[in-house]
Amino acid sequence: MQLLIGFLIALAVGLTGIGGGSFTVPALVLIVGLPAGAAVGTAFVYAGVLRLIATPFYLAGKNVHGRYLWLLVQGAVPGLLIGTYALRVMSRESSSPVVVIVLGLLLAASSSITFASRLQNPGFAKKNSRWLPWLALPIGVEAGFSSAGAGALGTVLLLNYSEMTPPEVVGTDILFGLVLAVIGSAFHWKFGTINGPVLTQLLYGGVPGVILGCLFARRVPARKLKFAIALIAIFAGLQLVWSGVRTLGKPPAGAPSASTHVTPAPAADSTK
C-alpha cells in the first residue's frame with residue numbers, strides 16, 4: 001500500500017508539481033495510521049527527494065523562471081520558519097483541523113479559477129512582482145504548519161496570475177517547493193518526527209513515479225496540462241477538507257470516549 005501511495009503521489013508531483021504535502025499527509029494519517037506530527041515530517045523529506053529528482057528535468061528544458069522563484073522564496077522562507085515554530089510551540093502531534101479545512105477550501109476554490117477565464121490575470125505577476133513575497137508568506141506558514149500548500153497554492157498562483165506557460169509554472173514551483181522541503185526537513189529531522197521505514201517504502205514507489213511524471217509532462221499539450229494541474233489541485237483541496245473534517249470529529253489523544261464505562265468505587269460499609 002505504501003509503495004502504491006508513493007508511486008501515485010510522485011506521478012502527480014512529476015507531472016504537475018502538486019501533491020508532495022497535500023496528498024501525502026492525509027494518506028499517511030488516514031491510510032498508514034501515522035500520528036500527524038510524524039506524517040508532516042515524513043512528507044517534508046519525501047517531497048524534498050521527489051522534487052530533487054524532478055528538478056534536472058525542468059532545468060534541462062529551461063522551464064524555470066528564476067526571478068519569480070527568488071521572489072517567492074523571499075516571502076515563503078520566513079513564513080516556513082513561523083509555521084514550523086508555531087507547530088512546535090503548540091506541543092501537539094497534529095496541525096489544527098480547522099486550518100487544514102480552510103486550506104483545502106482555499107485550494108479548491110482558487111484552483112477553480114483556471115476554468116473561469118474572466119477571473120484570471122496573466123499580467124499580474126509581471127506588473128505587481130513586489131507582491132509575490134507577501135503572497136508567498138502565508139504559503140510558507142501553511143507549509144511549515146502542515147507541509148501542505150507549497151506546491152499546490154504556489155502552482156495555482158503562478159498558473160492563473162503570471163504569463164508563464166504551464167511547464168514553466170510546474171518547473172518553477174518544483175524548485176520553490178524543493179527549497180521549502182529542504183529547510184522544513186532539517187527542522188523535522190532535528191525534532192525526530194520522521195518515520196524512516198515508511199519514508200523508505202514511499203520512496204521505493206515514488207522514485208520511478210516522479211521520473212515517469214516528468215517524462216509525461218513533456219508530451220502533454222500545454223492546455224491539457226493546465227487543466228490537469230487544476231483538477232489535481234481541486235482534488236487535493238477536497239482531500240484536505242475531508243481529512244480535516246475527519247480529524248475534527250475525533251476526540252483528543254488520551255481523552256476518554258463517551259462510551260467509556262467507569263466503574264464506581266464500592267461504598268464503604270457503614271456497619272463496620
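Determine, yes or no, whether Val13 is under 26 Å from Arg219 (Cα atoms) and under 12 Å from the mean Cα position of the chain (by Cα). For Val13, the condition - under 26 Å from Arg219 (Cα atoms) and under 12 Å from the mean Cα position of the chain (by Cα) - is met. Return a yes/no flag: does segment 81-89 have any residue that is modelled with pLDDT under 70 and open to solvent by 50 Å² or more (accessible area, probe 1.4 Å). So far as segment 81-89 goes, yes, one or more of its residues are modelled with pLDDT under 70 and open to solvent by 50 Å² or more (accessible area, probe 1.4 Å).
When segment 189-206 is examined, which residues are found to be modelled with pLDDT under 90, of a type outside the set (D, E, K, R) and open to solvent by 50 Å² or more (accessible area, probe 1.4 Å)? It would help to see each step written out before you state the result.
Of the residues in segment 189-206, the ones modelled with pLDDT under 90 are 189-196.
After this cut, where a residue has to be of a type outside the set (D, E, K, R) as well, the list is 189, 191-196.
Scanning segment 189-206 gives Trp189, Phe191, Gly192.
Of all residues in segment 233-249, those satisfying the criterion of being of a type in the set (A, V, I, L, M) and buried (at least 24 other Cβ atoms within 10 Å of the Cβ) are Ala233, Ala236, Leu240. Figure legend. Inter-residue proximity from segment 238-255: first residues modelled with pLDDT under 70, second residues open to solvent by 50 Å² or more (accessible area, probe 1.4 Å), beta-carbon distance below 9 Å, spacing 6+ or different chains. Indicated pairs: Pro251/Ser257; Pro251/Ala258; Pro252/Arg92; Ala253/Pro35; Ala253/Arg92; Ala253/Glu93. Scanning segment 24-78 for residues being open to solvent by less than 50 Å² (accessible area, probe 1.4 Å), outside any helix (DSSP H, G or I) and small (Gly, Ala, Ser) gives a total of 1. Pairs under 9 Å by beta carbon, first residue within 12 Å of Met1 (Cα to Cα) in segment 198-218, partner modelled with pLDDT under 95 and not in a helix (DSSP H, G or I), six or more apart or different chains? As it stands, the answer is Val198/Leu34; Gln201/Met1, since those pairs meet every condition given. For segment 208-230, the tally of residues that are surrounded by fewer than 18 Cβ atoms within 10 Å (Cβ to Cβ) and under 18 Å from Leu59 (Cα atoms) stands at 8.
Residues of segment 207-222 being within 15 Å of Thr55 (Cα to Cα), at pLDDT below 85 and not hydrophobic (A, V, I, L, M, F, W, C), which ones?
In the first step, residues of segment 207-222 are kept if they are within 15 Å of Thr55 (Cα to Cα); the result is 207-218.
Those still in the list that are at pLDDT below 85 too: 217-218.
Hit for segment 207-222 is Arg218, nothing else.
When you look at Ser111, is it modelled with pLDDT under 75 and under 21 Å from Phe176 (Cβ atoms), yes or no? Yes: the conditions hold for Ser111.
The values are calculated or read from the model by the stated rules, or taken from the named source; none is laboratory data. What you see is a predicted model; the values in this text were computed from it and never measured. Every residue, glycine among them, receives a Cβ derived from its backbone with ideal geometry; neighbour counts consider all protein chains shown. These area figures cover heavy atoms from the full protein model, side chains too; ligands, DNA and RNA do not enter into them. Shrake-Rupley method; radii C 1.70, N 1.55, O 1.52, S 1.80 Å.
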